[in-house]
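Worksheet for the structure shown next.
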Amino acid sequence: MGRPLGRKTITVLTAQQTQDPYSQELQDDWSLPPAEVDVRGCDVQPGTTQEYLLNRDQVLVAWTVFAPPGTQVTAYNRVRYNGDVYTVYGHPAVWDSPSGRIDYVEIVLQDWRG
């Protein structure tokens, strides 16, 4: 990992794989305890939020994480930050520095509440 971008720690959660009894395909099983990897040296910034009031009160909570180079996270992971678990929105983006080296990994987190 490279230089720390901030002082925050996130935990990347990876679901255990189980076999679907009907299709025999492997699938993520979030009912089982996930594997956890702490990522230190992150900068976490609030993202844009949305509020939906049609038929039900809902609020979108979002964060943008700037993680050190080498952070292993995909769109299929979840991330724990400040005690709350968020889904990874889209594929994390790997940003290069002007020298061509990886500078940081950008991860967008979201959670619908309400």
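The values are calculated or read from the model by the stated rules, or taken from the named source; none is laboratory data. Small disclaimer: the values here were computed from a predicted structure and weren't measured. Cβ coordinates were reconstructed from backbone atoms using ideal geometry, including for glycine residues, and neighbour counts include every protein chain displayed.
Condition check ((1) among the small types (G, A, S); (2) under 15 Å from the mean Cα position of the chain (by Cα); (3) within 12 Å of V65 (Cβ to Cβ)) across all residues:
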residue	(1), (2), (3)
T14	no, yes, no
E25	no, no, no
V37	no, yes, no
D43	no, yes, yes
Exercise for the section: Search the range 3-25 for residues that are closer than 30 Å to D103 by Cβ and free of Cβ contacts under 8 Å to residues at least 40 places away in the same chain and pair each with any residue that is hydrophobic (A, V, I, L, M, F, W, C) and part of a strand (DSSP E or B) when their beta-carbon atoms are under 7 Å apart and the residues are at least 6 apart or on different chains. Expected result: T9/V39; T9/C42
Exercise for the section: Report whether or not A75 is more than 13 Å from the chain's Cα centre (by Cα), at pLDDT 95 or above and over 20 Å from L5 (Cα atoms). Expected result: no
